[in-house]
Amino acid sequence: MPQIAAFAFNLSALSRLGNLSGELDRFTQGFSQAKFTQNSPSITPNRSRVEKFQLGTEMAAACQQPRKNQGGYAEDHKCSDILPFSIFTSDMRVPFLDLKAHHDPMRKEITEAVSEVIDASAFAGGPFVERFEKSLANFCQVDHAIGVGSGTESLWLALLANGIGRGDEVITVPSTFIATAEAISHVGAKPVFVDIMEESYNMDPSKLEAAINSKTKAIIPVHLFGQMADMDPIMLIAKKHGLFVVEDAAQAIGAEYKGRRAGAVGHCASFSFYPGKNLGALGEAGAITTNDSDLAKRIRILRDHGQTEKYCHSEIGWNGRMDGIQAAVLDIKLKRLDDSTRRRRENAALYHDQLDDFDGVILPAEVAEYKHVYHVFSIRVKRRDKIMDDMAKEGIGCAIHYPVPIHLQAAYQDLEYESGSFPVAEQCASEFLSLPMFPELTSLQISRIVEALKKAVRSI
């Protein structure tokens, strides 16, 4: 990582430090109290300036040497709690996502697992998929998990298996990836949208009943960014009107709502294992979870060309099987997911610690009794596009989830929604800015991101 070591800076940077000896005394005192029990340099108060300078360089290097925890992830030393951040150079680049850092600790295990699949020639469905399905069902606290080819496919098959089709309507939100609406369209139904709540960015249950009519057959609440929708009132309304509920949990594996995990509250749930997700495959994959045995059986038939047994087809199905290689990799990653989620939540807490009192930035809120898994850490800012450009110039990777709500997409012009139809969703879409968020993100990187963000916000 270029030029990030403390004290390895030029004279202009030195001049900004003022009393270098005082800074180093404070730094080394803090460093001696940190949890660096191995290979830590001894601390003495009477070192010369040159000795302190050299010592600082060693300590900064130590901060950059990750230790592995039991889950295989690098432990962050939280050096930013010890070091005055001003002693770091300002050219640290931080990617929006670092999948290489994510895969490196488990590369050997993944390679061995792929070899097992090759040796068994179990590429499409088969024992590795079955093993992962059992692991996933246990993780989500449900009776059944069905592996499929993608998250989009899981939504589509869930609707198809429940008999939803032409002439039906399905209610969802405009603040989501287009796959949510695509799945509705591809079963022949019509997407109908309701606005979101500003607190959670998820479906507003108070808007639901006004959108229900005789054609309404299902509701798809989206657990956006890793926080579950308010499921209790949604399920009560669904029960009152006899509606099917599919959780869109593509971004929320491991999230919780009042002690229940994503995938265990609706009639069924859809998961995506796209590589960048909290639980990501090495390609495309998805799954459906449910406690309904009859529904699970029908989904399994539909994903395998409608087969009840080989070459015997009870209905028109589809090739929606999960690949054996993806299942083997996902099974390895699932064992690390709780630790990965813990690290995401710690990183979110660091963002909050450093930005809570900063004007001009609205931070994501975790609703009481919920567990947010922070697939995305999306803030809200005015003049979002300029701030994103300024962050890019500082070497900070950001993203926008999502700049155009579904009801205003050209693909859905025929629904005849207009600008202003869903004011909360539209306002949020114009302000959302996703900061880097991944388990391997370090506190030093977060401090650098925050520094660049504050600079960008102050400039507008």
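Just so you know, all these numbers are worked out from the coordinates, no wet-lab data involved. Computed from a predicted model, the values in this text were never measured in an experiment. Every residue, glycine as well, gets a Cβ built from its backbone with ideal geometry; the counts of neighbours run over all protein chains shown.
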Worksheet, complete the sentence: Hydrodynamic radius by Kirkwood for the range 239-336, inverse mean 1/r across distinct Cα pairs, in Å, is 14.8 Å
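Of K190/K310; K134/K258; K100/K393; K215/K258; K258/K454, which ones are farther than 27 Å apart at the Cα? Walk me through the intermediate numbers first.
Working: K190/K310 34 Å; K134/K258 24 Å; K100/K393 23 Å; K215/K258 31 Å; K258/K454 35 Å.
The pairs that break the limit, which is 27 Å between Cα atoms, are K190/K310; K215/K258; K258/K454.
Please list 314-326, 146-158 highest first by mean number of surrounding beta-carbon atoms within 10 Å per residue. Could you put the intermediate results ahead of the total?
On the way: 314-326: 19.4, 146-158: 27.3.
With the highest mean Cβ count within 10 Å placed first, the list reads 146-158, 314-326.
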Worksheet item: Just in the range 190-241: which trypsin sites (Lys or Arg not before Pro) are loop by DSSP and have at most 15 other Cβ atoms within 10 Å?
Response: K215
Fill in: Mean separation of Cα contacts under 8 Å, 6 or more apart, over the residue count of the range 349-460: relative contact order %
36 percent
Worksheet item: If one computes the Cα centroid of the range 244-317 and of the range 422-450, what distance in Å separates the two points?
Response: 28 Å
Worksheet item: If each of V404 and K215 carries a label point 7 Å out from its Cα toward its Cβ, how far apart are those two points in nm?
Response: 2.4 nm
Worksheet, complete the sentence: Distance in nm between K393 and V367 label points, each 7 Å along Cα→Cβ, equals 3.9 nm
Worksheet, complete the sentence: In debye to the nearest 20, the charge dipole size for the range 327-438, taken about the Cα centre with +1 at each Lys and Arg Cβ and -1 at each Asp and Glu Cβ, equals 500 debye
Fill in: Length added when fully stretched, H352-K455, from 0.36 nm per residue minus Cα-Cα
35.4 nm
